[in-house]
1. Out of the stretch 55-94, which residues are among the charged types (D, E, K, R) and either more than 17 Å from residue 9 (Cβ to Cβ) or open to solvent by less than 10 Å² (accessible area, probe 1.4 Å) (or both)?
2. Pairs please, first residue from the stretch 8-29 and within 15 Å of residue 51 (Cα to Cα) and modelled with pLDDT under 95, second anywhere and open to solvent by 70 Å² or more (accessible area, probe 1.4 Å) and among the hydrophobic types (A, V, I, L, M, F, W, C), Cβ atoms under 9 Å, 6+ apart in sequence or on different chains.
3. Regarding residue 174, is this residue of a type in the set (S, T, N, Q) and within 23 Å of residue 65 (Cβ to Cβ)?
4. Take residue 3 and decide whether it is more than 21 Å from residue 100 (Cβ to Cβ), of a type in the set (Val, Ile, Thr) and open to solvent by 70 Å² or more (accessible area, probe 1.4 Å).
5. Within the bounds of the stretch 103-121, is there any residue that is of a type in the set (Gly, Ala, Ser), without any contact (Cβ under 8 Å) to a residue 60 or more places away in the chain, outside any helix (DSSP H, G or I) and touching a Phe, Trp or Tyr at 6+ places or on another chain (Cβ under 8 Å)?
6. List every residue pair whose Cβ atoms lie under 6 Å apart, where the two residues are 6 or more positions apart in sequence or sit on different chains, the first residue falls within the stretch 165-178 and is at positive phi and at pLDDT 95 or above, and the second residue, located anywhere, is open to solvent by 60 Å² or more (accessible area, probe 1.4 Å) and not hydrophobic (A, V, I, L, M, F, W, C).
7. Output the number of the condition that residue 2 fails; it satisfies all remaining conditions of (1) modelled with pLDDT of 95 or more; (2) more than 20 Å from residue 152 (Cβ to Cβ); (3) among the polar types (S, T, N, Q).
8. Which of the residues that make up the stretch 135-168 are more than 23 Å from residue 111 (Cβ to Cβ) and either part of a loop (DSSP other than H, G, I, E, B) or open to solvent by 60 Å² or more (accessible area, probe 1.4 Å) (or both)?
Amino acid sequence: ATTAIQRIAEAYPDAVVPITPQLTAYLGESDESHRIGALAILGTLSKDYPNVAEDTIPTAIELLDADHYKLRANAAGLLADLADAYPDQVDPVVPRAIELLDDSDEKARYNATSILARIVKADPDAVEPAIEPLIDALDEDFAYARSNACWALGYLAAEDALERLRDIEETDPNEEVRHAASVAIDEIEER
C-alpha cells in the first residue's frame with residue numbers, strides 16, 4: 001500500500017496530503033517497512049507541502065540512528081526535504097549528517113550531503129566542520145551527492161576545496177556536477 005501511495009504522492013501530492021496523520025502515525029510503529037514507506041511518502045509530500053511533515057522532524061532526527069539502513073536513509077531524506085523550510089529545526093542534525101557522510105549506504109550518504117547543502121545557506125558556521133568530509137564526498141559514485149558537496153563547499157567558501165573543484169569542473173563525467181563545481185569555484189573566488 002505504501003508503494004502505491006508513494007507513486008500517487010509523486011504525481012498528485014495534494015491527493016495524499018489528507019492522510020498525513022496516518023503516515024505520521026506509522027513512524028511510531030515497530031514495523032520497519034511501514035516506517036520506511038511513510039518516511040518516503042512524507043518526504044515526497046514535503047517538497048510541495050513542508051508544513052504537513054514539520055511535526056515529524058524530532059522523530060526523523062531519532063531515526064538517523066536506526067539500525068536499518070533504509071530507515072536512516074529515508075529519515076535523512078525527509079530532513080533534507082524539510083531543511084529549506086525549517087532550517088532552524090533541522091540545523092541540530094548537522095553533526096549527525098557529517099557522520100552519515102561515512103555511512104555504508106549510498107542513499108544515506110547522498111541525503112546527508114543534501115542536508116548539509118541546504119543548511120549551509122542558513123547557517124554556514126554550523127556546516128563549517130564538514131569541509132573535509134564534503135571534500136571527500138566529491139569522490140562519491142552518485143553524481144547528485146557530488147553535486148551537493150560542490151554546492152555546500154561553494155557556500156562555505158572552502159578555499160581548501162578549490163584545487164579539487166577545479167579538477168571536477170574539468171573532468172567529472174556528469175554535466176550537473178561540473179556546473180555545480182564551476183559555481184562553487186566562483187563563490188569561493190568572489191569572497
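1. Quick first cut of the stretch 55-94, residues among the charged types (D, E, K, R) only: 55, 62, 65, 67, 70, 72, 81, 84, 88, 91.
Passing the criteria: 55, 62, 65, 67, 70, 72, 84, 88, 91.
2. none
3. Numbers: of a type in the set (S, T, N, Q): yes; within 23 Å of residue 65 (Cβ to Cβ): no.
It is false that residue 174 is of a type in the set (S, T, N, Q) and within 23 Å of residue 65 (Cβ to Cβ).
4. Details: more than 21 Å from residue 100 (Cβ to Cβ): yes; of a type in the set (Val, Ile, Thr): yes; open to solvent by 70 Å² or more (accessible area, probe 1.4 Å): yes.
So residue 3 passes the test.
5. From the stretch 103-121, those of a type in the set (Gly, Ala, Ser) are 104, 108, 112, 114, 117; that's our starting set.
Next, only the ones that are without any contact (Cβ under 8 Å) to a residue 60 or more places away in the chain stay: 104, 108, 112, 114, 117.
With outside any helix (DSSP H, G or I) added as a condition, the list becomes 104.
Imposing the further condition that a residue be touching a Phe, Trp or Tyr at 6+ places or on another chain (Cβ under 8 Å) reduces the set to 104.
Yes; the residues of the stretch 103-121 include at least one that is of a type in the set (Gly, Ala, Ser), without any contact (Cβ under 8 Å) to a residue 60 or more places away in the chain, outside any helix (DSSP H, G or I) and touching a Phe, Trp or Tyr at 6+ places or on another chain (Cβ under 8 Å).
6. Sorted first by the residue in the stretch 165-178, then by its partner, the list stays empty.
7. (1)
8. Answer for the stretch 135-168, where residues must be more than 23 Å from residue 111 (Cβ to Cβ) and either part of a loop (DSSP other than H, G, I, E, B) or open to solvent by 60 Å² or more (accessible area, probe 1.4 Å) (or both): 157, 159, 160, 163, 166, 167.
The values are calculated or read from the model by the stated rules, or taken from the named source; none is laboratory data. Source: prediction; values computed, not measured. Positions of Cβ are backbone-derived with ideal geometry, glycine not excepted, and every protein chain shown enters the neighbour counts. All accessible areas refer to the heavy atoms of the entire protein, side chains included, with ligands and DNA or RNA removed. Shrake-Rupley method; radii C 1.70, N 1.55, O 1.52, S 1.80 Å.
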